[in-house]
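To start, the structure itself, in structure tokens.
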Amino acid sequence: MKKEKKRLSYSAVIALLCAALLAAIIGSVVLGRYPIGFKELCGIIGSKLFPIESFWTPTQEALLLSHRLPRIALACLVGCALSAAGASYQGTFQNPMAAPDILGASAGASFGAALAIVLGLGKAMITLFAFASGLLCVGLVIFVGGRAKGKRVIGLILAGIMIGSLFSSGTSFIKLVADPAQQLPAITYWLMGSLNGASGRDVLFALIPMLIGLVPLFVLRWRINILTLGDEEARTMGVNAPRLRILVILCATLVTAAAVSVSGVIGWVGLVIPHLARRLVGNNYRHLMPASMLFGALFLLLVDDIARNAMTTEIPIGILTSFIGAPFFIYLITRDGERI
């Protein structure tokens with residue numbers, strides 16, 4: 001007989017993840033090509049609350065408040081949103097391979113961003129176009145999937161594949177007609193995903209739709225457990241499974257579109273992190289959702305630290321998440337005795 005592995009209590013896991021995330025945030029502030037010491041960090045933050053004589057340079061203050069803190073906040077928000085969306089989709093569709101882009105939100109956002117770049121619009125409009133296009137794509141998926149014959153879940157997945165393919169084709173066409181000197185490199189870089197140039201405006205833009213989507217997912221996380229049992233079992237428990245499924249999909253889509261619009265396409269986070277969280281706290285969504293949110297924020301923040309410090313030229317974060325996520329997921333699905 002195989003011995004059962006001892007698992008840390010849920011409270012201990014959450015406490016460890018919170019402590020690790022806090023340590024990572026402090027380390028991310030200090031870490032960089034232009035160093036900001038922990039003393040300077042405390043002084044700059046404290047000066048906003050109390051009168052403190054300056055012992056830091058104006059450059060350090062401007063760098064911290066205008067660039068480094070917004071980027072750290074955005075990395076945590078995007079990682080949290082993608083992980084929560086991935087966990088929600090996996091439970092809703094009863095499919096362990098479901099990811100935040102299963103309904104085409106990433107494909108739609110990519111099309112919107114590429115279109116805005118070709119039209120010569122600024123960064124704010126690129127973000128807005130990406131967000132709106134991601135929502136439009138998923139709206140079409142829900143519209144088509146709701147009219148498909150057979151099981152509604154299968155209809156949504158197939159509609160997501162088809163509509164997402166159409167938007168991806170549109171993005172390819174835009175790349176074909178884009179100016180190869182300026183527009184094409186900008187589109188390609190956006191599609192690889194990056195948090196470079198993150199600002200407080202980006203954080204505010206993403207924060208509102210993310211909160212609108214994440215709060216219901218957190219509150220309804222115990223009901224996602226019922227969705228994993230199937231519609232018949234949910235009905236016997238007095239839960240309207242189709243209505244709940246649409247609500248979860250809408251919330252997960254909203255946070256996914258918001259995340260992709262400010263960061264570009266960052267893959268594997270929403271697929272791998274929920275599985276890692278399951279290994280820590282189990283399959284109960286009352287525990288899994290908070291753990292996935294914290295783990296996703298921690299993971300993407302650490303990967304972004306590598307992206308901006310590993311080389312003299314910043315590495316697109318989407319490349320790193322693929323390098324890390326794909327091999328680890330292969331390890332998960334091929335390990336003896338492990339089931340995804």
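Under the simplified labelling scheme, the residue 53-residue 38 pair shows an inter-label distance of 2.4 nm, with each label point 7 Å from Cα along Cα→Cβ. For the stretch 72-150, trypsin sites (Lys or Arg not before Pro) are listed when DSSP marks them as loop and at most 12 other Cβ atoms sit within 10 Å of their Cβ; the list is 147, 149.
Other residues lying with their Cβ under 13 Å from the Cβ of residue 247 contribute a combined charge of +4, Lys and Arg counting +1, Asp and Glu -1. The mean sequence separation of alpha-carbon pairs under 8 Å and at least six residues apart, normalised by the residue count of the stretch 184-339, gives a relative contact order of 31 percent. For Cα pairs less than 8 Å apart in space and 6+ apart in sequence, what is the mean separation divided by the residue count of the stretch 112-214, i.e. the relative contact order in percent? Relative contact order, the stretch 112-214: 26 percent.
Find the relative contact order for the chain and round it to a whole percent, using C-alpha pairs within less than 8 Å whose residues are 6+ positions apart. Relative contact order for the chain comes out at 29 percent. With helices as the sole contributors, the chain gives -24000 deg cm²/dmol at 222 nm; each DSSP H run of n ≥ 4 counts as -39500 (n - 2.57), and the sum is divided by every residue.
When the Gaussian network model of the chain links Cα atoms closer than 10 Å, the mean-square fluctuations of 31, 300, 74 top out at 31.
For the chain, the solvent-accessible area works out to 49 Å² per residue, with a probe of 1.4 Å and every protein chain left in place. Roughly how many percent of the accessible protein surface of the stretch 1-134 is carbon and sulfur, given a 1.4 Å probe and a whole-percent answer? Here carbon and sulfur together make up 69 percent of the probe-accessible area. Each of 10, 331, 89 has its accessible area taken with a 1.4 Å probe; listed largest first, they run 331, 10, 89. Taking square-rooted eigenvalues a ≥ b ≥ c of the alpha carbon gyration tensor, is the stretch 187-337 rounded, prolate or oblate, where a/c under 1.5 means rounded and, failing that, a/b exceeding b/c means prolate? Note, shape of the stretch 187-337 comes out oblate. What separates the Cα centres of the stretch 90-113 and the stretch 186-230 is a distance of 12 Å.
Since only 165, 237, 181 are under comparison, the one whose Cα sits farthest along the positive direction of the charge dipole of the chain, derived from C-beta charges on Lys, Arg, Asp and Glu, is 237. So, with a 1.4 angstrom probe, what is the percent of accessible area on the stretch 157-272 that is carbon and sulfur? Carbon and sulfur atoms account for 69 percent of the accessible area of the stretch 157-272.
The values are calculated or read from the model by the stated rules, or taken from the named source; none is laboratory data. It should be emphasised that the depicted structure is a prediction, and the values quoted were computed from it without experimental measurement. Every residue, glycine as well, gets a Cβ built from its backbone with ideal geometry; the counts of neighbours run over all protein chains shown. Heads up: the accessible areas ignore ligands, DNA and RNA and are worked out on the full protein's heavy atoms, side chains in. Shrake-Rupley method; radii C 1.70, N 1.55, O 1.52, S 1.80 Å.
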